[in-house]
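Only one structure is covered here, and it is reproduced in the block below.
No value in this document is a laboratory result; all are computed from the given coordinates. Just so it is clear, the structure is predicted and the values come from calculations on it, not from any experiment. Ideal geometry is used to build each Cβ from the backbone, glycine not excepted, and the neighbour counts take in all protein chains shown.
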Amino acid sequence: MLENVVTDELRLLPARAAQFVRRYPVPPRETYAPELRISILGVLIHCAAVRGEAFVAFQLLRRCGLPGDYYLHVDVVDEALMILDQFEVTEDACNHAFGPNWRQVIRHAIDVAEILHSDFHSLTRTESLVGSHRRLSAWIAARDAAWEAGRIKSWYRAQDAAWEREYMDDATVRLDDRLCADTAAAVRDAAAAVALADLVGTADFNRVHYETLIAPWCRARNDMETTPVDLSERATSQATATSQPDRLCAVTAGVAAPTTL
């Protein structure tokens, strides 16, 4: 049975955000300091029961042409509220936004948001595999596979759900700039791999490319797990052979991919 990642809280999050904006109206431009501006993403984060669901909902709403998506101004509030009132997060909307592996994309985004919010300083190993020529080659192969499959927009959107650049780059507390940059690359690369799990073995995107993209985040996550994620070639080969996205993406959920002894 497939996991229900579209919870009631996620489904109704846009409506809750609309209620919040109505409760705390956007002031005229001249009456507030720039740092006190209201952003839709900030409102979603405030209203979300699970932090990662805010980033997922934000990407879904941006696809609808949400005005003032980062900062709300008085002249676009009514239009933004209309979209928030009418939009409901559904499985169909998630599929259109993130592609056929949308469940894994959402699960990864929620997992990442929780770890970065509570355990960012525990991440210490992402730099070991990020930034290499091998990583760049894998990323290009994934991008080309997404383009050929007609899924380039959903591919980038999956990465933005896991690491929303404008918010994370500005709002993340950086005691270590290099660690922050490496973490961003690892998180987005893992999302890039998860979004194309069903395309492994097609075109020039192969198992090695998939593992190269997903390994840095999984290894960093392993440092905080009691049960290590199995990133062995044997486990990944078994996952690829099944051609099942859930198997291919098991590593992102902190669950070892099954092997046959």
TODO: Using packing as a proxy for protection, rank 137-148, 76-87, 51-62 so that the peptide with the highest average count of other Cβ atoms within 10 Å comes first.
DONE: 51-62, 137-148, 76-87
Task: Estimated FRET transfer efficiency (Ile140, Arg165; beta-carbon r; R0 22 Å; 0.05) - done: 0.65
Task: From phi via Karplus (6.51, -1.76, 1.60), per-residue ³J(HN,Hα) for segment 89-102 in Hz, x at Gly/Pro - done: 6, 10, 5, 5, 5, 5, 5, 5, 7, 10, x, x, 9, 4
TODO: Please give, to one decimal in nm, the separation of the simple spin-label points placed at Ser132 and Glu114, each 7 Å out from Cα toward the Cβ.
DONE: 3.0 nm
Open item on the list: Calculate the FRET efficiency for Tyr71 and His96 from the Cβ-Cβ distance with a Förster distance of 25 Å, rounded to the nearest 0.05.
Closed with: 0.45
